[in-house]
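Beneath this line is the structure, given in C-alpha cells, with notes to follow.
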Amino acid sequence: MSKAEKVKAETVKADTLKPRLPRGLLDRRADAIAAQGRMLEVIRDTFTLYGFEALETPFIEYTEALGKFLPDLDRPNEGVFSFQDDDESWLSLRYDLTAPLARFVAENFDAIPKPYRSFRNGYVFRNEKPGPGRFRQFMQFDADIVGAGSVAADAEICMMAADTLDRLGLKGQYLIKVNNRKVLDGMMEAIGLAGPDQAGRRLTVLRAIDKLDRLGPDGVRLLLGPGRKDESGDFTKGAGLDEAAIERILAYVSFQASPSDGGDRVHFWEQFFRSWSDVVGESETGREGIAELHAIMRLCAAAGYGHDQIRADPSVVRGLEYYTGPVYEAELTFPVTNEEGQVVRFGSVAGGGRYDGLVGRFRSEPVPATGFSIGVSRLFSALQLVKSPLVQGAEGPGPVVVLVLDRECIAEYQRLVAALRGAGIRAELYLGGAGMKAQMKYADRRRAPVAVIQGSNEREAGEVQIKDLIEGARAAEGIASNAEWKAARPAQFSVPEGEMVERVREVLARHFPQPGG
C-alpha cells in the first residue's frame with residue numbers, strides 16, 4: 001500500500017462511526033423474539049379467557065398524565081425520558097402501562113363498558129442509572145379491571161395470575177402473595193405514624209418491611225429502630241420507632257401461614273386475621289383492610305385455589321404510593337444462585353393492586369380500579385431457568401432458498417420463488433452477488449431446509465433441482481471423499497417445474513410434520 005493509500009485508509013477509518021448500543025438497552029434476535037412471543041401468546045390467551053380485551057396506548061403521554069406518584073413534575077426529566085413539544089408542553093415516554101390506561105378510561109369514560117377489563121403489553125421506559133438486571137427499556141404485560149369496587153375483582157386478578165403461571169408450566173413453583181395497604185395504614189395509625197407530617201417515617205417503615213425476605217426479622221428490627229450497618233459498612237438510617245411499635249410491626253410481619261397449620265382451610269384464615277386485628281388496634285381503616293383480605297381468601301378458596309397458590313402475606317408492600325387497598329405479588333419459589341453464590345428464591349415476576357384514586361385524577365367522581373403487571377423479561381428468564389419447552393423449543397426452519405446461477409435470468413428465478421410463496425411456503429430469492437458455493441453457505445446460515453437450483457440445462461429441460469439440505473447434511477457425515485459425495489449426490493433430485501411446489505412440500509413435511517398430519 002502506497003503512502004497516499006495508507007493516509008486515505010486512515011482518514012476513512014477515522015471518519016467511521018463506532019457502533020455502540022446505549023447502556024441499559026438490549027438487541028434481540030429472531031430466536032429470542034420467537035420464544036418470547038410464545039410466552040406472550042399463553043399470557044394473552046389466559047387473559048382473554050377471563051374476558052379481558054386488548055388495548056394499546058402510545059409510547060408518549062403528556063408528562064402531567066403520568067401522575068404525581070411517578071415523575072416529579074418540578075423535574076420532568078427525572079426518572080422519565082421527557083421533552084418539550086412545539087407548544088412547550090412537556091411530553092414523556094410512558095413510565096408504566098397503568099397511568100396511560102387511567103388517561104384512556106377517563107377520556108373514553110362514557111363509551112366503554114364498566115367494569116372495563118383490558119390487557120396491554122408493550123415497552124416502558126425509565127430514565128434511571130442502568131445496572132445488572134436494570135434496564136432503561138423493558139416490556140410489561142398488564143391486566144386491569146376499572147369500575148369494580150368489590151374485592152371480588154381483586155380475587156379474580158389473583159386467580160388469573162395463578163392460572164397464567166400454571167399455563168406457562170410453573171405449577172407448584174410460585175405463590176400469589178396478597179396484602180392490603182389499608183392494614184398497613186391501620187398499623188401506622190396504631191403506632192402513631194398517621195398524618196402527612198409522618199409520611200417520611202411511614203415510607204421508611206414500608207421499606208423495612210419490604211426487606212423481610214432478604215434481611216430477616218433481626219435486620220428489619222434494626223431498620224425500624226436506630227438503623228442498620230451492612231457488611232460493607234454502609235449505614236441505613238432507621239425509622240426511630242420505640243420498642244413497643246417495633247414489636248407490634250414484627251408480630252404482624254412474622255406471622256406466616258403454613259400448610260401444616262391448616263393453611264388450606266378457610267377457618268385458618270379466621271385465626272390468621274384475628275392476630276392481625278391486635279396489630280391494627282382500633283383503626284377502622286386497618287380492620288376494613290383485614291375484612292377485605294379475608295373476603296379475598298374465601299373467594300379464592302371457594303373457586304378451588306389452595307393455600308399453595310394464593311395466600312395472605314404481610315411482607316407484600318408494593319412501592320408505588322397510588323395503591324389504596326389489596327396489593328399482590330407473584331413470587332417464584334424455586335431456588336437460584338445469586339451473584340454472591342448464595343442459593344435464594346427467584347423472587348417476584350409480577351405484582352399489582354388496587355388503585356382507586358388514579359383514574360379519579362381526571363374526573364370529579366372516584367373510579368375504582370385494580371390490576372397487575374407482569375415483568376416480561378424477568379418471567380422469560382425464569383422460564384429459561386426451568387428449561388420450559390415454551391422457550392426452549394428448537395428453532396424453526398429457515399426459508400427455502402432459490403439459488404441464482406444465471407443473473408441474466410433473474411426474472412425466471414423470481415417466478416420460482418413466487419410459486420413457492422403462492423403455495424404458502426416460506427421462501428426467498430438469493431439477492432447477493434456470490435457464486436454457487438457461497439450461496440449454499442448462505443442457505444446453511446439461514447437454516448434453510450431446502451435449496452432450489454436451476455442452471456441453464458435444467459431451464460432448457462423445464463426442470464429444477466431440489467436439494468434436501470437436512471438429509472444432505474446427515475448423508476455427508478458418512479461420506480469420506482469429495483469424489484464419493486459427487487457420485488452419491490445425496491438428497492438431491494430433479495423434478496419438472498410443475499412439480500416443484502409439491503415435492504418441496506413433501507421434503508418439508510418429512511422433517512417438520514404438522515400436528516395431526
Please go through the stretch 207-229 and pick out each residue that is touching a strand residue (DSSP E or B) at 6+ places or on another chain (Cβ under 7 Å) and more than 18 Å from Leu184 (Cβ to Cβ).
-> Gly219, Leu222, Gly227, Arg228, Lys229
Test: residue in the stretch 103-112 that is in a strand (DSSP E or B) and without any contact (Cβ under 8 Å) to a residue 60 or more places away in the chain = no
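When the stretch 398-423 is examined, which residues are found to be of a type in the set (Val, Ile, Thr), closer than 16 Å to Gln465 by Cα and either open to solvent by 10 Å² or more (accessible area, probe 1.4 Å) or touching a residue at least 60 places away in the same chain (Cβ under 8 Å) (or both)? Before you say what the answer is, go through the steps one by one.
Just the residues of the stretch 398-423 that are of a type in the set (Val, Ile, Thr), to begin with: 400-402, 404, 410, 417.
The next check asks that each one be closer than 16 Å to Gln465 by Cα; those that pass are 400-402, 404, 417.
Selection gives Val400 alone.
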What number of residues within the stretch 193-223 satisfy the criterion of being open to solvent by less than 30 Å² (accessible area, probe 1.4 Å) and either polar (S, T, N, Q) or more than 20 Å from Ala244 (Cβ to Cβ) (or both)?
-> 1
Restricting the first residue to the stretch 208-219 and requiring it to be within 17 Å of Ala251 (Cβ to Cβ), which pairs with a second residue that is among the aliphatic types (A, V, I, L, M) and not in a helix (DSSP H, G or I) meet a Cβ separation below 6 Å and a spacing of at least six or different chains?
-> Ile209/Val317
Whichever residue in the stretch 294-344 is surrounded by 20 or more Cβ atoms within 10 Å (Cβ to Cβ) and in contact with a Pro (Cβ under 7 Å, 6 or more places away or on another chain) and, among such residues, is modelled with the highest pLDDT | Ile296
Being at pLDDT 90 or above, closer than 24 Å to Leu358 by Cβ and in contact with a strand residue (DSSP E or B) (Cβ under 7 Å, 6 or more places away or on another chain), is that true of even one residue in the stretch 23-40?
-> no
Spot the failing condition for Gly432; the list is (1) touching a residue at least 24 places away in the same chain (Cβ under 8 Å); (2) at negative phi; (3) not hydroxyl-bearing (Ser, Thr, Tyr); (4) not in a helix (DSSP H, G or I), and only one is missed.
-> (1)
Counting only residues that are among the hydrophobic types (A, V, I, L, M, F, W, C) and open to solvent by 30 Å² or more (accessible area, probe 1.4 Å), which one in the stretch 131-159 is nearest to the chain's Cα centre (by Cα)?
-> Phe138
Reported set for the stretch 79-98 where residues are over 25 Å from Gly351 (Cβ atoms) and modelled with pLDDT under 90 is Ser82, Phe83, Gln84, Asp85, Asp86, Asp87, Glu88, Ser89, Trp90
When you look at Val391, is it under 30 Å from Arg167 (Cα atoms) and either assigned to a helix (DSSP H, G or I) or open to solvent by less than 10 Å² (accessible area, probe 1.4 Å) (or both), yes or no?
-> yes
Candidates Ser232, Ser260, filtered to the one that is part of a helix (DSSP H, G or I), open to solvent by 20 Å² or more (accessible area, probe 1.4 Å) and either modelled with pLDDT under 85 or more than 28 Å from Gly371 (Cβ to Cβ) (or both) | Ser260
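The values are calculated or read from the model by the stated rules, or taken from the named source; none is laboratory data. All of these numbers come straight from a predicted model, not from anything done at the bench. With ideal geometry, Cβ positions are generated from the backbone for all residues, glycine too; neighbour counts draw on all protein chains shown. These accessible areas exclude ligands, DNA and RNA; they are computed on the full protein's heavy atoms, side chains included. Shrake-Rupley method; radii C 1.70, N 1.55, O 1.52, S 1.80 Å.
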